[in-house]
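Just below is one structure, and these are the notes that go with it.
The values are calculated or read from the model by the stated rules, or taken from the named source; none is laboratory data. Because the structure is predicted, anything quoted here is derived from the model rather than measured. Calculation scope for accessible area: heavy atoms of the full protein, side chains included, ligands and nucleic acids excluded. Shrake-Rupley method; radii C 1.70, N 1.55, O 1.52, S 1.80 Å.
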Amino acid sequence: MKLILSIANDCDIAHNHTPYWHTRNDQRGLFGRVSVLIAVSWLHVTGRICGVHTGKYRVIWRMSVLPHASNIFDIKFSGKASQGHTTESRLPFNNGVLEFGSDYFDFVLPQQLVVTAPFEDVLLECKCTSQEWKSNLTHNHTHSATAKMDSEQY
């Protein structure tokens, strides 16, 4: 089972307006639209999937890094079930990605999210509230850049 949110269409983004964010069409994305982080100091993106079945899920954020990105390795990506189970991680540091950028890739959180109660709500979050400005990151959805979860038998 795949549960997918579109960052551009289904998520709440703090400061989701010019000059901080830009939404554009991108046919490489599953939903045809992506949200592009231009620059913010307070980064906070949230999405909620309601009524998730019991199981273990991989939480996947699909994104690309634009050339000359800054401070993106401090961003925490997470998934949290309403019963309290959480998985979270940060992007691994890669100096080449900062300088030259990347095509779309799936960032899979290292631990599965465990949903223990039937029809739990799951909060997906991308957050960094340090004073450093974060820039040049494109959020797609979760097969081409939001938050996707693939179920396994529990």
>> Which residue fluctuates most in the GNM of the chain (Cα springs below 10 Å): Gly96, Gly79, Gly55?
In response: Gly96
> Given H placed on each backbone N at 1.01 Å, which residues far from Ile75 in sequence or on other chains put an amide H within less than 5 Å of it?
Replying inline: Leu91
> How big is the accessible area of Arg48 in square angstrom, nearest 10, if you roll a 1.4 angstrom probe over the protein chains?
Replying inline: 130
>> Below 8 Å, C-alpha to C-alpha, sequence gap of six or more: please give me the relative contact order for segment 1-135 in percent.
In response: 33
> Just Asn95, Asn16, Asn136 to compare: in a GNM of the chain, with alpha carbon springs under 10 Å, which one fluctuates most?
Replying inline: Asn95
>> How big is segment 1-99 along each principal axis, measuring the range of its Cα positions in Å and listing the largest first?
In response: 41, 28, 25
> In sequence order, what are the phi-derived ³J(HN,Hα) couplings for segment 32-47 according to the Karplus relation 6.51 cos²θ - 1.76 cosθ + 1.60 with θ = phi - 60°, rounded to whole Hz, with x for glycine and proline?
Replying inline: x, 9, 9, 9, 10, 6, 7, 5, 8, 9, 9, 9, 8, 10, 9, x
> Can you give the accessible area of Cys128, probe radius 1.4 Å, in Å² rounded to 10?
Replying inline: 10
> Top mean-square fluctuation among Pro67, Pro118, Pro110, Gaussian network model of the chain, C-alpha springs under 10 Å?
Replying inline: Pro118
>> Students sometimes get this wrong: rank Val108, Val114, Val45 by accessible area, probe 1.4 Å, all chains present, largest first.
In response: Val108, Val114, Val45
>> Taking θ = phi - 60°, what integer Hz values does the Karplus form 6.51 cos²θ - 1.76 cosθ + 1.60 yield along segment 117-133, in sequence order, with x for Gly and Pro?
In response: 10, x, 6, 6, 8, 10, 9, 10, 9, 10, 8, 7, 10, 5, 6, 5, 7
> How high is the relative contact order of segment 81-131, in percent, counting Cα pairs under 8 Å that sit 6 or more residues apart?
Replying inline: 59
